[in-house]
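Below: the structure, in structure tokens.
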Amino acid sequence: MKTWFITGAARGLGARIAERALQAGDRVVATARDPSAVTMRFGQRANLLAARLDVTQPAQAKTAVQAALDQFGPIDVLVNNAGYGLVGAVEEASAGEIEQLFAVNVFGLLAVTRAVLPTMRARRSGHIINMSSIGGYRGAAGFGVYCATKFAVEGLTEALHAELAPLGIHVSAVEPGYFRTDFLDPTSLKISQPAIADYAETAGAVRIRVDGLNHQQPGDPAKLAEAVLRLANMPAPPVRLPLGADTVAAIAAKHARDSEILATWGGLAADTGHRAD
Ligand code: NAD
């Protein structure tokens, strides 16, 4: 039986992972800005603790982690899931929108991770699962700032993996494509305004596409939750787990582009060292 600590667990992927872990008989600390939303969704259960956590508030992260330790003992799996998207060309995003997105998707993830890690290090055990995105693997027009936050998540994940593997702690990034949650809904997604006409064919087309995709995404959150449960139970989990046929195709396309860059420019790239003579 594991103890999970999940951020942004009142709805979407976080709630589905919490639900699946509860079904498996695990203990779940489901955190949310409004913990009553967690209780409304799951009811009161002996193996569930609903805790208040806005990930932009490091003091709340510490309090929620302490409440988890007091109630269930050590945390086995931390799922850094809380996050949201921002649509618009990079130039269209305001400084405030950019700061807020990094505050939640990156600095929030860091604050929660720092609050949990001392207890995992003390036990030489645990698994940190960071919810990244296909946007953390390749940049895309219309999602530039969001991709930047998820690239940061990927860099942190790979570094944490290298630092924590010798201490017995696993770290993985999950990279979903489009999954059917509120992610593209106006209740979650932020859209930069005003649009600049010069970006109509790039970021502007993405504004229209995401509107049409809202609640029509191909990815099934129940299957994602199942995959995350499997990930948490693997003896040697991968550092990155891509999820979704769209993600698989996008990774293959990026690899093809990178191979082409190396084939064309590899000589120039390699010929930049000091001469031996
Ligand atoms: P969602 O909008 O349904 O849920 C997001 C959750 O994060 C909500 O519960 C929200 O309240 C919470 N949240 C937002 N700001 C928060 C804060 N400051 N503190 C605490 N909680 C906060 O979206 P989702 O699809 O469930 O997204 C979950 C994660 O998966 C996000 O990190 C998102 O970037 C990532 N993701 C989703 C998709 C997708 O297509 N659904 C694709 C790639 C990545």
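Calculate the spin-label point distance for Val248 paired with Glu163, positioning each point 7 Å from the Cα along the beta-carbon direction, and give it in nanometres.
Computed distance between label sites Glu163 and Val248 equals 3.4 nm.
What FRET efficiency comes out for Glu91 versus Gln57 if R0 is 22 angstrom and r is the Cβ-Cβ distance? Round to the nearest 0.05.
Approximately 0.10, to the nearest 0.05.
Taking each pair of distinct Cα atoms in region 11-55 once, what is the resulting Kirkwood hydrodynamic radius in Å?
10.3 Å
Please check which bits of region 136-170 a label hung off Gln193 would reach, taking the label as a point 7 Å along Cα-to-C-beta and the cut-off as backbone N under 20 Å.
Residues 142-146 qualify, since their backbone N sits under 20 Å from the label point.
Roughly how many whole Å is it from the C-alpha centroid of region 73-115 to that of region 149-173?
The two parts, judged by their Cα centres, are 16 Å apart.
Note the angle between two axes, namely the Cα long axis of helix 245-270 and the longest principal axis of the Cα atoms of the chain, as a number of degrees from 0 to 90, rounded to the nearest 10.
Roughly 50 degrees between the two axes.
Under 1.5 on a/c is rounded, so check that first for the chain, then, if it is not, pick prolate when a/b is larger than b/c and oblate when it is not; a ≥ b ≥ c are the square roots of the alpha carbon gyration tensor eigenvalues.
Oblate, since a/c reaches 1.5 and b/c is not below a/b.
What is the distance in Å between the Cα centres of region 45-61 and region 209-246?
Using only Cα atoms to place each centre, the spacing works out to 24 Å.
Past 30 Å, Cα to Cα, is the threshold; run Lys223/Lys254; Lys2/Lys150; Lys2/Lys190 against it and keep the listed order.
Lys2/Lys190
Pulled fully out, how much extra length does the chain show between Gln23 and Trp265, if you take 0.36 nm times their separation in residues and subtract their Cα-Cα distance?
Gain on stretching Gln23 to Trp265: 82.0 nm.
Calculate the spin-label point distance for Ala37 paired with Arg257, positioning each point 7 Å from the Cα along the beta-carbon direction, and give it in nanometres.
According to this spin-label approximation, the distance is 3.3 nm.
Given Cα pairs under 8 Å that are at least 6 residues apart, what percent is the relative contact order of region 3-270?
Reported as a whole number, the value is 19 percent.
The numbers here are math on the coordinates, done by the rules we state, and not lab data. Bear in mind that the values here come from a model prediction, so they are computed numbers and not experimental data. So basically every Cβ, Gly included, is an ideal-geometry build from the backbone, and we count neighbours across all protein chains shown.
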